[in-house]
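Colleague: Following this message is one structure expressed as structure tokens.
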Amino acid sequence: MFTRRQALITALAAPAILRFGTGTAQAATTLKISHQFPGGSIDKGDFRDRLCRMFAAEVAKRSGGEIAAEVFPDSTLSKTTAQFSAMRKGTLDISLYPLPYAGGELPETNIGLMPGLVSTYDQGLRWKGLPVGKLLTDFLADKGIILLTWIWQAGGVASRAKPVVAPEDVKGLKVRGGSREMDMVLRTAGAEVLSVPSNELYAAMQSGACDAGITSSTSLISFRLEQVSKVLTSGAGTSYWFMLEPLLMSKTVFDKLPKNQQDIIRNVGAELEAFGKKGAQDDDIRVAEVYAKAGARVSMLDAATVGQWRDIARDTAWKDYGAKTPTSANLLKLASDVPV
């Protein structure tokens, strides 16, 4: 179990671990971890960046220095959407990556943001121990990706002008949904969709190219969207927008490691899931405070409204996704059976 005490210990060790070639000993294995989110430190900032730094520090500690890692935030090492392909090719080691960003390459990965399919953290995290989780991890492994840490994030809506709560609220607006399937739901509800990664959402909203953006609570905070928004719809409690943003590793790189190092990497990844859940849930609460302080109006989703979005999704996005491939159909069926 990755405890708070361990986190504090690794925090003290982190600066030495994260710098390559500055100590007296050279690590046998060096890993590069990339993500699109703002950088910080092991104990401050976006929890996704912190999780990557905690992972790097802990694997170095448990391996006795045989593994070292460096974190590259803000897509400084690799462009945002290109990170998945880079891992499959073995040119990038690890990324904390929004899974549906890979949907253009592998449509099956869009199960990671299927509107209305997951509505609570517990429901999403149950996937890991159920057939849907095994199918997804086996599918990714077959495509060259190891899933190390299951991280789900609830999402909300930042809007430049009017509240966006129920489906009818998006009519006539330019909205960023975050996945092909979410875009289908938005179009059906009357919106014009904009496809950009969350780290480009601020510029799109600032310029007026986007009226409203749906993204995780953490990204709503970290990308400072309260500066270009007048209204927030919070996903705390329940949401029709839950994204799987796991810590992933190149199977090509993983398979080259000795068994003891593989075990350390897998164990640390799994132990950080509790930290990921807490970080996401804390931000679900904090996002409302941040936006209210900035003068934005804050609205909440309820089960009935989430049900309205789910009804549209079942008739559009779910059907379309399920017809893509046999794996898509199986993933959707298995995920649909997971209780809330």
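Colleague: Taking square-rooted eigenvalues a ≥ b ≥ c of the alpha carbon gyration tensor, is the range 33-100 rounded, prolate or oblate, where a/c under 1.5 means rounded and, failing that, a/b exceeding b/c means prolate? Intermediate values should be presented prior to the final figure.
Modeller: On the way: a/c = 2.32, a/b = 1.25, b/c = 1.85.
The shape class here is oblate.
Colleague: Can you tally the lysine pairs in the range 120-255 where the Cα-Cα distance is under 26 Å and the two residues are eight or more apart, or on different chains?
Modeller: Taking the Cα cut-off of 26 Å, the pair count is 10.
Colleague: Can you tell which of 223, 55, 84 shows the greatest fluctuation in a Gaussian network model of the chain with Cα springs below 10 Å?
Modeller: Checking each option, the largest mean-square fluctuation is seen for 223.
Colleague: Mind listing the long-range amide H neighbours of residue 118? Cut-off is under 5 Å, sequence gap 5 or more, other chains count too, H placed in the peptide plane at 1.01 Å from N.
Modeller: Here the answer is 242, since their amide H atoms fall under 5 Å of that of residue 118.
Colleague: Let me ask another. Residue 274 to residue 323: extension gain in nm, 0.36 nm per residue of separation minus the Cα-Cα distance?
Modeller: Details: separation 49, 0.36 × 49 = 17.64 nm, distance 3.41 nm.
Gain on extension, residue 274 to residue 323, equals 14.2 nm.
Colleague: Based on Cα coordinates alone, diagonalise the gyration tensor for the chain, multiply each eigenvalue by 5, take square roots, and list the semi-axes in whole Å, largest first. Mind showing how you got there, number by number?
Modeller: Values: eigenvalues 217, 104, 58 Å².
Three semi-axes, in Å: 33, 23, 17.
Colleague: Placing +1 at every Lys and Arg Cβ and -1 at every Asp and Glu Cβ, with all other atoms neutral, what dipole size does the chain have around its Cα centre, in debye to the nearest 20?
Modeller: Working: 40 positive and 35 negative charges, 76 e Å.
For the chain, the charge dipole is close to 360 debye.
Colleague: Which Cα, out of 111, 91, 56, lies furthest along the positive dipole direction of the range 56-152 (beta carbon charges, K/R +1, D/E -1)?
Modeller: Value computed over the given set: 111.
Colleague: So what is the accessible area of the range 47-173 per residue, in Å², with the probe set to 1.4 Å?
Modeller: Numbers: 3960 Å² over 127 residues.
It amounts to 31 Å² per residue over the range 47-173.
Colleague: A further question on this structure: If you take the charge dipole of the chain about its Cα centre, with +1 on Lys and Arg Cβ and -1 on Asp and Glu Cβ, which of 274, 340, 202 is farthest toward its positive end?
Modeller: Toward the positive end, the furthest listed residue is 274.
Colleague: If each DSSP helix of 4+ residues adds -39,500 (n - 2.57) and the sum is divided by the residues in the chain, what number results at 222 nm, nearest 500 deg cm²/dmol? Don't jump to the answer; show the numbers that get you there.
Modeller: Values: 14 runs with 144 residues, N = 340.
Mean residue ellipticity at 222 nm (helix-derived): -12500 deg cm²/dmol.
Colleague: On to the next question. Roughly how big is the range 31-185's charge dipole about its Cα centre, with Cβ charges of +1 (Lys, Arg) and -1 (Asp, Glu), in debye to the nearest 20?
Modeller: Numbers: 20 positive and 17 negative charges, 43 e Å.
About 200 debye.
Colleague: Could you tell me which residue out of 132, 309, 260 lies farthest along the dipole of the chain toward its positive end? Charges go on the beta carbon: Lys and Arg +1, Asp and Glu -1, centred on the Cα centre.
Modeller: Looking along the dipole axis, the top candidate is 260.
Colleague: When the chain is fully extended, how far beyond the present Cα-Cα distance does residue 285 get from residue 187, taking 0.36 nm per residue of separation?
Modeller: Values: separation 98, 0.36 × 98 = 35.28 nm, distance 2.92 nm.
In short, 32.4 nm is gained.
Colleague: Taking the Cα centre of the range 163-271 as origin, sum charge times position over the Cβ atoms of Lys and Arg (+1) and Asp and Glu (-1), and report the length of that vector in debye to the nearest 20. Spell out each step's value before the answer.
Modeller: Numbers: 11 positive and 12 negative charges, 46 e Å.
That gives a dipole near 220 debye.
Colleague: So how much slack lies between residue 262 and residue 120, counting 0.36 nm per residue of separation and subtracting their Cα-Cα distance, in nm?
Modeller: 48.0 nm
Colleague: Stick to Cα atoms and the Kirkwood definition of Rh, then tell me Rg/Rh for the range 210-340.
Modeller: Reported Rg/Rh, Kirkwood definition of Rh: 1.05.
Colleague: A further question follows. Place a label point 7 angstrom from the Cα of residue 337 along the Cα-to-Cβ direction, then list the residues of the range 115-137 whose backbone nitrogen is under 18 Å away.
Modeller: 117-118, 123-137
Colleague: Whole-Hz Karplus ³J(HN,Hα) for the range 63-76, in order, using 6.51 cos²θ - 1.76 cosθ + 1.60 and θ = phi - 60°, x for Gly and Pro?
Modeller: Per residue, the Karplus-derived 3J(HN,Hα) values read 8, x, x, 6, 10, 10, 8, 10, 9, 10, x, 6, 6, 6 Hz.
Colleague: Give the percent of DSSP beta bridges with both residues in the chain that are antiparallel, rounded to the nearest 5.
Modeller: Percentage antiparallel, nearest 5: 55.
Colleague: Here is a follow-up. Round to a whole number: what % of the accessible area of the chain belongs to carbon and sulfur, probe 1.4 Å?
Modeller: Details: 7020 of 13600 Å².
Of the solvent-accessible surface of the chain, carbon and sulfur hold 52 percent.
Colleague: Round to the nearest 10 and give me the degree value, 0 to 90, for the angle of helix 131-142's Cα axis relative to the longest principal axis of the chain.
Modeller: Long axis of 131-142 versus the principal axis of the chain: about 60 degrees.
Colleague: Using protein chains only and a probe of 1.4 angstrom, how many square angstrom of residue 62 are accessible, to the nearest 10?
Modeller: Its heavy atoms expose roughly 90 Å² to the probe.
Colleague: For the pair residue 297 and residue 28, how long in nm is the line joining their label points, each one 7 Å along Cα→Cβ?
Modeller: 6.1 nm
The values are calculated or read from the model by the stated rules, or taken from the named source; none is laboratory data. Owing to the predicted nature of the structure, the values given are computational and were not obtained by experimental measurement. Note: ideal-geometry Cβ built from the backbone for every residue, glycine included; neighbour counts use all protein chains shown. Each accessible area value is taken on the protein alone, full model and side chains, heavy atoms only, with ligands, DNA and RNA left out. Shrake-Rupley method; radii C 1.70, N 1.55, O 1.52, S 1.80 Å.
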